[in-house]
Amino acid sequence: MQKPIYVLNGPNLNRLGTREPEIYGTTTLAEIEAICRDAAGASRVEFRQSNAECDLVAAIHDAIDHGAGIIVNAAGLTFTSISIVDALKMFAGPVFELHISNIHRREPIYHHSLISSVATAVIMGLGADGYRSAVEAMVRRLKAGPQ
Ligand code: DHK
């Protein structure tokens, strides 16, 4: 059976829909999960969200053992979590860093991602539709085989 694509979401993303709609839009996380599953087609998706850093590290460990690719929106942990970076370094497959907003157009606290240095690719500023783009690109990438 094909290994799933892990789509991992960090702190506060469970509040999408009502959270700062002028920045994040009004699409809820449940709707984003449906978008990811639709975009994946026949490919399997493991979709997770947690407000706890340890849960995201554990999810990356699951992906190391059982996943084909990782799409990660670590949210605020993007700028603080060396633990997430260390976990991603152990993953052999493609890692796509994703942000709903363009972090470079935001306040300076959002300008330096720790994850970009270990990511295969970075997708940002497309709103919730960025998830669709990320999953479709990941499916193509995995079909193409090791790069
Ligand atoms: C989400 C967050 O929660 C912020 O901490 C990031 C990211 C941006 C997003 O755009 O998806 O800065």
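Nothing in this text is a laboratory measurement; each read-out follows from the coordinates by a stated rule. Nothing here was measured: the structure is a model prediction, and the numbers come from that model. In this analysis, Cβ positions are derived from the backbone assuming ideal geometry, glycine residues included, and neighbour counts consider all displayed protein chains.
Observations on the model:
- Check on HIS104, within 11 Å of the ligand (Cβ to nearest atom), surrounded by fewer than 17 Cβ atoms within 10 Å (Cβ to Cβ) and not polar (S, T, N, Q): yes
- Look at (1) closer than 19 Å to ALA30 by Cα; (2) away from the ligand (no atom under 16 Å from the Cβ); (3) not small (Gly, Ala, Ser) and you find that LEU56 fails only one, number (2).
- Close pairs from region 106-132: first within 17 Å of ILE84 (Cβ to Cβ), partner more than 9 Å from the ligand (Cβ to nearest atom) and part of a loop (DSSP other than H, G, I, E, B), Cβ under 7 Å, at least 6 apart: LEU114/SER81; THR120/PRO94
- Test: ALA30 is small (Gly, Ala, Ser), surrounded by fewer than 16 Cβ atoms within 10 Å (Cβ to Cβ) and either under 15 Å from LEU98 (Cβ atoms) or out of contact with any Pro (no Cβ under 6 Å at 6 or more places or on another chain) (or both): yes
- Scanning region 52-59 for any residue that is over 13 Å from ASN9 (Cα atoms) and charged (D, E, K, R) turns up nothing.
- Selection within region 56-77: residues that are farther than 22 Å from ALA128 by Cβ and not aliphatic (A, V, I, L, M). The member of this set that is surrounded by the fewest Cβ atoms within 10 Å (Cβ to Cβ) is ASP65.
- Unique residue being surrounded by 19 or more Cβ atoms within 10 Å (Cβ to Cβ) and more than 9 Å from the ligand (Cβ to nearest atom) when the list is VAL118, VAL135: VAL135
- Considering ALA63, ALA68, the condition of being touching a Phe, Trp or Tyr at 6+ places or on another chain (Cβ under 6 Å) and either among the aliphatic types (A, V, I, L, M) or free of Cβ contacts under 8 Å to residues at least 24 places away in the same chain (or both) is satisfied by ALA63 alone.
- Applying the criterion of at least 2 residues that are over 22 Å from MET1 (Cα atoms) to the strands (runs of 3 or more DSSP E) found wholly in region 41-140 leaves 69-73, 95-99, 121-124.
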